[in-house]
1. Taking R0 as 41 Å, what FRET efficiency do you get between ASP143 and ALA70 from their Cβ-Cβ distance, rounded to the nearest 0.05?
2. Multiply the residue separation of CYS154 and PHE10 by 0.36 nm, subtract the distance between their alpha-carbon atoms, and state the gained length in nm to one decimal.
3. Taking amide H positions as placed in the peptide plane 1.01 Å from N, state which residues far from ASP33 in sequence (5 or more) or on other chains have amide H under 5 Å from it.
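Just so it is clear, none of the values below were taken in a lab; they were calculated from the coordinates. Not measured: the values here are computed from a predicted model. All Cβ positions, glycine included, derive from the backbone under ideal geometry; neighbour counts span all protein chains shown.
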Amino acid sequence: MGEFQSIRPFKIMSVVMVSIAIVLTIVSLAGPDWVSASFYEGDVKSWGLWWDCLKVHASFEMCLSADWLAGCAAMVFLSLIADVLGAALGIWGLCAKRRMPYVLAGGVCILSCICMVISLIIYPVMFTQEVRTNPDYNAETSDFEFSWTFGIACGTVFFLMGGAIFFFIRLREEEDAQPMKSVDDKSYFSVN
């Protein structure tokens, strides 16, 4: 009989969740629609993390402060780097069958989640403050709402927290690990 290896379903799920978070973070980083603003002329313009000025019509251009916008983009980019590092540590833990890479991956996922949450707090607060306090923007803007890319960034937080929790879960070995036959087992079956 060959050796038995163990499968860790919680750790595999956490690597999958962090991988999904990587894709969602890339979409939220590159997406153009964090905020959709409606103007009185009927135009609807969208802001992402990379646009600080948009020309609404011939006589009006709406510009946001570049410092907080760049800070939000940097936090999401740091979150992406931490996502990739967390996934790599999780895969290393699956291959090495040690606990330390999982703990490191969970810590990195929490750091990534914190960066994303900071960006998700700063962006709406600062955007709302700039639109409401600037009389030109407030006079031109009829309404604004946070759009689909902002929602994807919020969803990223849930996947990161789920991945971090599953990285930290440690059950007793017989409950956590499911036996799986090794590929070295060469038992043959004969058909009569």
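1. Numbers: r = 26 Å, r/R0 = 0.63.
The calculated FRET efficiency here is 0.95.
2. Working: separation 144, 0.36 × 144 = 51.84 nm, distance 2.28 nm.
Stretched out fully, the CYS154 to PHE10 stretch lengthens by 49.6 nm.
3. Counting only residues 5 or more places away or on other chains, the set is THR149.
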